[in-house]
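What follows draws every value from the coordinates through simple rules; no lab data is involved. Everything numeric here is computed off the predicted structure, so don't read it as measured data. Backbone-built Cβ (ideal geometry, glycine too); neighbour counts: all protein chains shown.
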Amino acid sequence: MSPAKSTSATARSVTTAHSVVEPSSRSKRIAATLVIVYAVVTMIPLVWIFLTSIKSPPDSISYPPKILFTPSIEGYCNLFTTRTRQTPEYIASLPEPEGVCDAVTRERNMVIAGPSNFLPRFANSLIIAFGSTFLAVGLGTLAAYGFSRFKVPLADDLLFFILSTRMMPPIAVAIPIYLMYRQLGLSDTALGMMLLYTAVNVSLAVWLLKGFIDEIPREYEEAAMIDGYSRLQAFRKVVLPQATTGIAATAIFCLIFAWNEYAFASLLTSGSAQTAPPFIPTIIGEGGQDWPAVAAGTTIFLVPILVFTILLRKQLLRGITFGAVRK
Amino acid sequence: MADVVLKGVSKSFGKGGSKRAVDGIDLTIADGEFVVLLGPTGAGKTTTLRLIAGIETPDAGTISIGGRPMAGLAPASRDIAFVFQQYSLYPHLTVYENLAFPLRSPARRMNGATIDARVREVARMVRIDHKLENRSTRLSGGEMQRVAIGRALVRRPSIYLMDEPLSSLDAKLRGELRLELKRIQKDLGATLLYVTHDQIEAMTMADRIGILAEGRLVQIGTPREIYADPANLHVAARLGQPHINLLPVGLLPDVPTPPGTKTIGARTEHIALAREAAGNARVDWIEHLGDQNHLHIRLGEQKLVTLADPDMAVSPGDRISLSLKSPLYFGQDGQRLV
Ligand SMILES: Nc1ncnc2c1ncn2[C@@H]1O[C@H](COP(=O)(O)OP(=O)(O)OP(=O)(O)O)[C@@H](O)[C@H]1O
Ligand SMILES: [Mg+2]
């Protein structure tokens, strides 16, 4: 290496070591290690669930747990079907199996009797969670805008009151809501669950979004109103586009709550409006819990939230860096 | 274009209206006139503009534009263009979209081709046509302000309101845009109310200057009147570079003063200097600004600053004689005495 080159290299490493903005490579390595360790720790249960979903029922409950095993699709087959036991003679008399699940089931001396309830329950979850998220974020945005921009009488008290709905555990209000819903004919309906989750999430949405909207200077709307727009049009053209980050973040929080909610769902739904969380643990196989089917249900259950978060990831990240640069 | 009339307009902020931002302003801006509001920070300049624009509602008084009373009228229906002091551009839009935004408003409903032509014309006018597709957050402060001015100029409103539009530009660009803005205003015959801290902007662009202090319109008149004939100490102190020298009466015993004079105001043109070994004053130091020199003079305990010819042969420590030629006289209350 030429002397000139080596000096410039040292000079650069010296400046980075002392730079205030650029973290040193050592602290970067430490940060990376911490992030990776944390990620691994949080991923292990998910990985375990996924592995269980592709084990055969005997493998899933073997002790010590099997790390190496032959993957099986049985969990997924059992998740989507109901089966009845038959004599080997009867099974032998059947025509060739149609598809993998048919074959897998027959190996256990059973035949598929029909579809299970998983798909309708999953559909309920989708409708209720996305519907309530849409409502909560929509109402929350409007309310947050109102609180942020107008002189609302008793605004602070109202905001506290809104938040206080989240202060008690669901179980504390479950009985009154149950009685109320029975009276109104809302128990075990998708509409009832959607309204309930909206009510719970709206408080979160108002608080989160008020913070985001407070950050958007009023001057933009004032400018738009002078430029010939009404307040509502200014809200749509100027405030909403700038609040997308906040809206995306809020939507994810609301969706995760509504998607995972268990207590209300198990108390208020049992039949046609039951969501996936109370349904999945009730999947029973022969001789007890059908763990691969439960794990398969959980794995599929994770997918929508994963997709939604990945779709909104750009908005979320942009929001974080945007705020950091602008301030 | 139209005239604008403010009658007794007041606005207070805070609990129970404790903070008077604007206090009984009477102001008439003629059609096609360029009026500059000049005042220290917190004087109520921005508030005055916001009241005219309809973003704030006056506590008292009336505002009318083109003879139409504005009370209760939304900003959108007032036919006004506003250049804000801060946050001038929509951050989620490009430069082009920012310029087109007022034209695309539902209140105007212009067709795409007309909008495009207007946007490009104005972009050339404020010299931002090479950055039309840029995100507005990716501009320098000066470029942002040019776009903000452009966004006002794409329209032909009754009145343009501009709140320190040139404040974040460098001196050269500010000088250029000052001339440009004045030219555009003349060409369009636009009515323009312009707020600034900068006395050079005020002196060079204004048809009339209004001096604001603590929410009151202290004096309004042509730049010449405001400069030569200030109503009180405050107005006198606003204009002139270097600042007016305020001398206690009696510092120069032989100056005849009107009865009741407390303070004598002396600008450069009121001060005559001559080198004299037995002079009454002494040169403290000299600031060389290139084209001119600021002479810091000590007269007894009093310090004065005045302009001097660069080739005036004095150096720090020299004694000079200082006399006043028809200076300004102010009474106990700061009002001018004639
Ligand atoms: N929304 C508001 N709430 C409370 N006080 C306000 C508000 N707007 C203005 N004020 C007060 O009114 C006074 C005048 O403010 P204004 O913004 O008009 O000053 P300005 O002359 O534009 O000053 P600057 O040159 O610093 O921009 C200030 O004391 C300010 O604190
Ligand atoms: Mg201001």
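Quick notes on this structure:
- Overall dimensions of the protein assembly as shown as given by Cα atoms, namely Rg and Dmax in Å: 37.8, 136
- Alpha-carbon Rg with Dmax, taken over chain A, Å: 27.1, 88
- Of all aspartates and glutamates in the structure, the ones whose alpha carbon falls short of 17 Å from that of B:K182, not counting any fewer than 8 places away in one chain, are B:D31, B:E33, B:D163, B:E164, B:D198, B:E201, B:D207.
- Label-reachable residues, the stretch A:89-105, where backbone N falls under 19 Å from a point 7 Å from A:T70's Cα toward its Cβ: A:97, A:99-105
- Stokes-Einstein, applied to the Kirkwood radius of the stretch B:4-238 over Cα pairs at a viscosity of 1.002 mPa s and 20 °C, places its translational diffusion at 117 µm² s⁻¹.
- Among the GluC sites (Glu not before Pro) in the stretch A:50-124, those located in a DSSP loop and surrounded by at most 13 other Cβ atoms within 10 Å of their own Cβ are A:E98.
- Taking the centroid of alpha carbons for each part, the stretch A:209-250 and the stretch B:299-338 are 55 Å apart.
- The trypsin sites (Lys or Arg not before Pro) found in the stretch B:279-338 that occupy coil by DSSP, while having at most 13 further C-beta atoms within 10 Å, are B:K325.
- Equivalent ellipsoid semi-axes - Cα gyration tensor, the stretch B:32-142, angstrom: 29, 19, 13
- When Rg and the Kirkwood radius Rh are both evaluated on Cα atoms of the stretch A:229-271, their ratio Rg/Rh stands at 1.31.
- Neighbour-count ranking [beta-carbon atoms within 10 angstrom, fewest first] of A:T244, A:T52: A:T244, A:T52
- Taking the C-alpha atoms of the stretch B:169-294, convex hull volume expressed per residue in Å³: 161 Å³
- Over 25 Å (Cα to Cα) - which of A:K28/A:K66; A:K151/B:K7; A:K151/A:K314; A:K151/A:K237; B:K7/B:K45 fall in this group: A:K28/A:K66; A:K151/B:K7; A:K151/A:K314
- Acute angle (nearest 10 degrees) that the helix B:171-188 long axis makes with the longest principal axis of chain B, alpha-carbon atoms: 60 degrees
- Rg to Rh quotient for the stretch B:245-337, alpha carbon positions, Kirkwood Rh: 0.99
- Relative exposure of A:C101, A:C254, judged by other C-beta atoms within 10 Å (fewest first): A:C101, A:C254
- Choice from B:D311, B:D31, B:D229 showing the highest fluctuation, given a GNM over chain B with Cα pairs closer than 10 Å: B:D311
- For the stretch A:54-116, the alpha-carbon coordinates run over 38, 23, 17 Å along the three principal axes, in decreasing order.
- Per residue of B:86-97, other chain Cβ atoms within 10 Å of the residue Cβ number 3 on average.
- Under the span-like rule (Cα at least 27 Å along the axis, Kyte-Doolittle mean at least 1.0), DSSP H helices of chain A: A:25-53, A:118-149, A:190-214, A:240-260, A:291-326
- Alpha-carbon centroid distance for the pair the stretch A:271-302 / the stretch B:146-200, whole angstrom: 69 Å
- Rg/Rh for the stretch B:139-210, where both radii come from Cα atoms and Rh is the Kirkwood radius: 0.92
- Each peptide in A:139-146, A:245-252, B:270-277 receives the mean, over its residues, of other Cβ atoms within 10 Å, and ordering these scores from highest gives A:245-252, A:139-146, B:270-277.
- Among beta bridges that DSSP assigns inside the stretch B:95-249, antiparallel share in %, nearest 5: 55 percent
- Residues B:Y90, A:Y63, B:Y160, sorted so that the one with the fewest Cβ neighbours within 10 Å comes first: A:Y63, B:Y90, B:Y160
- In the stretch A:167-264, GluC sites (Glu not before Pro) in a DSSP loop with at most 16 other beta-carbon atoms within 10 Å: A:E215
- Working note: 222 nm ellipticity from helices only, DSSP H runs with n ≥ 4, each -39,500 (n - 2.57), summed and divided by the residues of chain B, gives -7000 deg cm²/dmol to the nearest 500.
- Fluctuation leader among B:Q86, B:Q292, B:Q241 - chain B, Gaussian network, Cα springs under 10 angstrom: B:Q292
- Based on the reciprocal of the average 1/r between different C-alpha atoms, the Kirkwood radius for the stretch A:207-279 equals 14.8 Å.
- For the pair the stretch B:91-143 and the stretch B:15-52, the centres of their Cα atoms are 29 angstrom apart.
- Highest-MSF residue in chain B out of B:A206, B:A107, B:A53 [GNM, Cα springs under 10 Å]: B:A107
- For chain A, the mean residue ellipticity at 222 nm estimated from helices alone is -23000 deg cm²/dmol, where every DSSP H run of n ≥ 4 contributes -39500 (n - 2.57) and the total is divided by all residues, rounded to the nearest 500.
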